[in-house]
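Below is one structure, written out as structure tokens; the observations come after it.
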Amino acid sequence: MIVEEIAVRNWRGYRELHTFRFAEGFNLLVGRNEAGKSALFEALTRALFDRHSGKSEEIRRIQPVDSSLGPEVSVRFRTNGQRYKVFKRFLEEPTARLYVERDGRWELDHEGDSADTVLRELLRGESFGRAVRPEHRGLAQALWYLQRESSLPEAAWNEAVREGLQGLVSLVAASPEERVIVSRVEAEYRQHYTPTGRLKSSSELATLEDEIARTESELSEIRSKTEAVEKYRQDLEELESQETDKAQQIENARLERTGLVKSVEEAERLDAEMREREHMREVEEQKFATLRNDLEAIGRRTKKTDTLGKELEDCQKERVQQRSDAAEEKRAAETYKSRWKRELEPALKKIEGELEALHCLERSRSLEDTRSHLLRHVEKVENAERELEDRKKELSRLYAPSKKEWVRFEETAGKYHDVQVQAEASAIHVGFALKVKRARITAAPAAQTIPTRNEYVITRPTTFRIGDMGSVKVWGGGESLEQLNEKADQLKTKIDETLIRFDVEDEEALSLLYRNKVETEKDVERLERGYKKILGEGPKDAEAKLRQIEGQIREEEGRLKSLPKKVGKWSSARIKHRLGELEDSKKQLIKSIDEEQGNEQNARAKHEQLLKQCGGLSEQATEMRSQIQSAGEENAETLKRYGTTEHLERLLGGAERAKKEAEDALNELLRDYELRVETPRRLYEQAENRIRALENQLVKIQEQSVDRMARIEEAASQGFYSQMSDLEAKLDVKRRRQDSLDIRTKGVKLLHDLVQAYRREQSAALAGPITDLVNGWLQLLTDGSYTNLQLNESLIPVALQGSRYRQPLPIESVSYGTHEQVIVLLRLAIGVLISKDERNLVVVDDRLVNADSIRIRRLNLILQEAAESCQILLATCHDTPYAGMKANIIRVPDDGRAASEETIPATTDILSAS
Amino acid sequence: MCLMRAPLESIREWMSGEASTMVRFLHTADWQLGMKVSRVGEKGKEVRAKRFETLSRVANLAVQQDIDFVLLAGDMFESQDVDDVTVKRAVDILNRLRSVPIFIIPGNHDPLVPGSVWHRHSWKRGEDHIHLVQEAQEIDLDKRVALYPCPLKQKQSKEDPTAWIPPRKRGDSRIRIGLAHGSLDVLPECVNFPIAADRADLGDLDYLALGDWHSFFQHGRAVYPGTIEPTSFSERDAGNVLVVDIEDAGEPPNVQRHRVSSLTWVELESHIRDETDVEKLDTEIHRAAASISTLIARVRISYELDVSADTQARLHTLRQEVEEDAFFVDWIEPLVLPTSPAVRALPEGILSLVDGSLSALLEGRIPSGPGQSFASETPQVIGEARILLHRLARGEGA
């Protein structure tokens, strides 16, 4: 496809209609920055590939500032040998019309959306969503290198580009049907595999593999349990073998024991015989011992009888002696008794009588003293009591003020005197100095006079009469003087009443009376204290005591009647002396009596003791006689069985011989006892023990067998076998499904990989012509610095091979300018290669600005060569570098005005203009 | 249960009560109770349960046929490890035959070893008419019948377990019956417990009741009843018990087969070209068993890829129907390569090149171009890829 003409209006800077016409070969679009070069390419792109009804923000930005008119574009182009013309208006009354030139005339072929669709299909564009992108533009994706667009596609060139290139290598272009099938293959592959070629974890196969692993794990667990059961079974076999062995050993041991039974029975017989002989020996020994004991007993008893007879004799002699001593002691005791009883006790009684009389006399005299003392005390008390009563009577007769009355009186008298002094101080002194002689001056009421001065002191209104001369009434002092006088009168009245009541003349008399009363009261108190003191000095009941003493005196006088009169006259000292003498005599007598009584008691005690000893000796003698008699009787009894002692002695000799014979017989048997009795028994016991041990071992083996069987039973009860069976069946199902899925997924992968392999091969085939062309230009451009361009399977440049580098240099590593130039070369090469049958438009929008002047000149050669095959539209700010090139130069107006084209009125359809 | 080591007086007494000399007994073997069933997917548990239903029918048959005794010639259980519940259920069913003595010998699957299935507590439930024979010695059932049991006490042996059976003594007119588990040496793969094919003659046996071979097989007087319930597709005549009449010593046994199995195992193959083939397969499947609900089938389908859509639809419907109705079906459709010229051509371009490469790989050739990198892929994977390619080309899902 090549473009013949583009017309725009209301398109960004192009407010007016601007038309641009292009040659088939090299076209240079010249304009300064922001002049509208890119706007023109935008208009071309939107006219051919965009929906006219689009209202996106991007489209709205096309509308010139302050304009409500819809942006319009018209493009005339040629493709597939046919000329077309398209007109589109955006935003305001959106319009799309597609015209086809038939027979030299333009015919409207499609309109509206239909025009958009047909046009897109015509140019191999692809349907798009919200906005058209380079990959939707068919061949233009590879051929148009515009500003603000990435230099290369992200993944691959679009289908139209590949189709275009496929034609070069004589491959059949992919039909839509193939594309659908391949996309199904891709979809199928994506269901099972990740983009990196790994099986998806969410795929049925992966899930199944996990399930199989789990089931195998469960199965393995159960198998290990069943293996344990098999082990128990092996144990049981081993145990059964052991049991059989043990049973055999027990049987052998029992046979051995049976073989020992006869020997043991013989041993039993011998043992019984031995016991019999032992018994015989014991019997003979017993007989011998009995006889020997009897003989020895007879001997002992005879000897004892002899000893006892001698002891009895000695005992009787001693008893006679002791009886004699006892009688002697009894007589001595009677002698001692007679002395203290008949001599000493009467003398003592006499002294005690005299002592009593003298003591009685002493007591009598003491009682008399006590009576005298009491009588004096009673008299003193009576006197004090009497004096006290007299003073109390005197006090009761005295009428005098009490302390309270006296104090009140003193207060009243004091106040009275005070009021009087105040009244006097307030009195008026009236003086008369009369020329009249002897004129008598009287005062009514009377007033106190001070004669020396002839003055009067008045305390109340007073009328003075001066002779015949008349009278003078004087008053003064006011109310207070009168009140004082009145108060003094009241107090005086009270004082007088008190004096009258106590019948005294004046205040002094009353005072005397009061003091007299006070003194009397003090006397009464003092007398009471004296009385109490006297009472306290004597006994409380002095009179009763006195009567008691007098009674005692009378009793003592009765006792003293027997006393000689002269003794009654003894002084106390003499009595005391005599009493001392009598006391000494008494003590002496008592001592003598005690001594005699002690002697008597000793003699009597000895007497008793001797009598007891005599009794003891008698008992001993009796006992001895009894023993002698008993021994004799016992011997007689013993000898009853044997006759005489000699016969007994003979019997003892026979018994000793029989005992010896029995011992010999027993010893004879004991000589073979170990061999004939103990050895068979020991062997039998050993056999028994072995059988018991074996039986115990057998029981243990059987217990182990029971244990193993129980474990097997326990395992069987848990249903492992069925579980294993079910799991194996489940596993079988899963594995079969896994096999099936495995083949299927592998089939999917094989198909996918095979398709991919063919596509890679195809890409490689396509890359050849491109790289051939590019490499030639590359060497020319870089003067051999870079020789080869490497494309991947999607025909995207990946590296440059340079003469300076051994390894290919990744395309991202080269300079920005070189990178852009390589991309321009690649697009030119694609343009040249797909334009063999028909020219195609290659657009380079200001992409060579970074080329130096040498490279620009070389690029000019390349562009010139490419322009032989295809239409080239190169935008630039400066046309100088391209000077000399055979080019159709189109200048973009600086101010939105067409430089070389006529202007069309805004109301005119831009199509009609072209 | 009675662990029989010596003849039982009670049995002799019971047998002597019979007036006739003819003996009728039920011969069965290889119950394989608790058996793991492979290739039936999740139905394994149900198959195990079905075996007990069959056992109930055997018990009913024994009562109906008025038999004198039952001989179980080994492999009552699949393994020594079977669950207790399996043993218990078996004992419960045997207890129902309390009027009939049952003689059981352990087989190579359940040999009498320490800790074996015969030592389980569940056997204590067994009543006295159940006799597990532990020793190879004559059992004198009565004046008419002598039984020669050959219990196995190990899993494997090359010894003939029937070798001990003594010849008939002069004057012995009893019916002599052998009871053994092993492989008659006329059978294929006769390795474990081989039994001389002429053992019946050598031992002058009137009948040799055998177990181990899962299909019915008779060799003279030596007879295998086969398992009561088939255990695999390879068993051709399984699912029977035998009711045997012997008139007298020396008389040939009259063997009657009675089918007792619950399930029918069938393996079918069909090459589908058109709907007629599908109809034939349908008929074949429905005739394979009395009821399709008791059918365990493995169906192998092969067909041309270019069969009509109607045929494919009909086959698909049949498959759905069988999968729904049958007890279990293993429907196998191996990949058949599109060879017919009627196969829809792929569009020219990469896909036709890919198809060509896959076709060459399937034919064992190494294609030129990128396809040669995939020569090591298995034919199944290559075939799957090619089938997938054509399905996707037809717009069908994978």
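The values are calculated or read from the model by the stated rules, or taken from the named source; none is laboratory data. The model shown is predicted, which means the values in this text are computed figures rather than measured ones. Quick reminder, even Gly has a Cβ in these numbers, built from the backbone with ideal geometry, and neighbours come from all protein chains shown.
In table form, for the structure just shown:
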read-out	value
Matching strands (runs of 3 or more DSSP E) fully within the range B:115-224 where at least 2 residues are over 23 Å from residue B:21 (Cβ atoms)	B:130-133, B:175-181, B:207-211, B:217-219
Within the range B:349-398, tally of residues that are facing chain A (nearest Cβ under 7 Å), more than 12 Å from residue A:751 (Cα to Cα) and touching a residue at least 40 places away in the same chain (Cβ under 8 Å)	2
When residues of the range A:716-725 are limited to those that are surrounded by fewer than 18 Cβ atoms within 10 Å (Cβ to Cβ) and part of a helix (DSSP H, G or I), the one farthest from the other protein chains (Cβ to nearest Cβ)	A:723
Candidate set from the range B:37-81 (those that are within 14 Å of chain A (Cβ to nearest Cβ), among the aliphatic types (A, V, I, L, M) and out of contact with any Ser or Thr (no Cβ under 8 Å at 6 or more places or on another chain)); member that is surrounded by the most Cβ atoms within 10 Å (Cβ to Cβ)	B:47
Selection within the range A:496-510 - without any contact (Cβ under 8 Å) to a residue 12 or more places away in the chain and part of a helix (DSSP H, G or I)	A:496, A:497, A:499, A:500, A:501, A:508, A:509
Residue that is farthest from residue A:425 (Cα to Cα), among those in the range A:438-496 that are modelled with pLDDT under 80 and among the basic types (Lys, Arg)	A:438
Residue within the range B:117-130 that is under 27 Å from residue B:220 (Cα atoms) and loosely packed, with under 15 Cβ neighbours inside 10 Å present	no
Test: residue in the range A:190-198 that is assigned to a helix (DSSP H, G or I), touching a residue at least 24 places away in the same chain (Cβ under 8 Å) and of a type in the set (Phe, Trp, Tyr)	no
Residue check, residue A:474 surrounded by 12 or more Cβ atoms within 10 Å (Cβ to Cβ) and touching a His at 6+ places or on another chain (Cβ under 6 Å)	no
Any chance residue B:251 is outside any strand (DSSP E or B), among the acidic types (Asp, Glu), modelled with pLDDT of 90 or more and more than 30 Å from residue B:392 (Cβ to Cβ)	yes
Sole residue being within 30 Å of residue A:310 (Cβ to Cβ) and surrounded by fewer than 16 Cβ atoms within 10 Å (Cβ to Cβ), chosen from A:573, A:636, A:605	A:636
Odd one out for residue B:6 among (1) assigned to a loop (DSSP other than H, G, I, E, B); (2) at pLDDT 85 or above	(2)
Subset of the range A:66-125 [part of a helix (DSSP H, G or I) and either surrounded by fewer than 16 Cβ atoms within 10 Å (Cβ to Cβ) or free of Cβ contacts under 8 Å to residues at least 24 places away in the same chain (or both)]	A:113, A:114, A:117, A:118, A:121
Residue selected from the range B:347-398 under the condition in a loop (DSSP other than H, G, I, E, B) and among the charged types (D, E, K, R), by the criterion farthest from the chain's Cα centre (by Cα)	B:348
Residue satisfying all of: in the range A:129-144; surrounded by fewer than 16 Cβ atoms within 10 Å (Cβ to Cβ) and touching a residue at least 40 places away in the same chain (Cβ under 8 Å); farthest from the chain's Cα centre (by Cα) among these	A:131
Candidates A:761, A:713, A:820, A:728 - the one that is of a type in the set (D, E, K, R) and either in contact with a His (Cβ under 9 Å, 6 or more places away or on another chain) or surrounded by 21 or more Cβ atoms within 10 Å (Cβ to Cβ) (or both)	A:713
Candidate set from the range A:799-810 (those that are more than 15 Å from residue A:784 (Cα to Cα) and at pLDDT 85 or above); member that is surrounded by the fewest Cβ atoms within 10 Å (Cβ to Cβ)	A:810
Tally, over the range A:178-210, of residues that are in contact with a Leu (Cβ under 9 Å, 6 or more places away or on another chain) and either farther than 19 Å from residue A:755 by Cβ or away from every other protein chain (no Cβ under 12 Å) (or both)	8
Subset of the range B:289-314 (residues that are modelled with pLDDT of 90 or more and either exposed (fewer than 13 other Cβ atoms within 10 Å of the Cβ) or of a type outside the set (Val, Ile, Thr) (or both))	B:291, B:293, B:295, B:297, B:298, B:300, B:314
One residue from B:113, B:23, B:100 being buried (at least 18 other Cβ atoms within 10 Å of the Cβ) and within 14 Å of chain A (Cβ to nearest Cβ)	B:113
Residues of the range A:11-23 satisfying the condition of being part of a loop (DSSP other than H, G, I, E, B) and at pLDDT below 90	A:12, A:13, A:15, A:16, A:17
Single residue of the range A:726-754 satisfying the filter (of a type in the set (S, T, N, Q) and touching a helix residue (DSSP H, G or I) at 6+ places or on another chain (Cβ under 8 Å)) that is nearest to the other protein chains (Cβ to nearest Cβ)	A:745
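Results for (1) surrounded by fewer than 16 Cβ atoms within 10 Å (Cβ to Cβ); (2) without any contact (Cβ under 8 Å) to a residue 60 or more places away in the chain; (3) part of a helix (DSSP H, G or I), shown as yes or no for each residue.
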position: A:187; (1), (2), (3): yes, yes, yes
position: A:220; (1), (2), (3): yes, yes, yes
position: A:228; (1), (2), (3): yes, no, yes
position: A:271; (1), (2), (3): no, no, yes
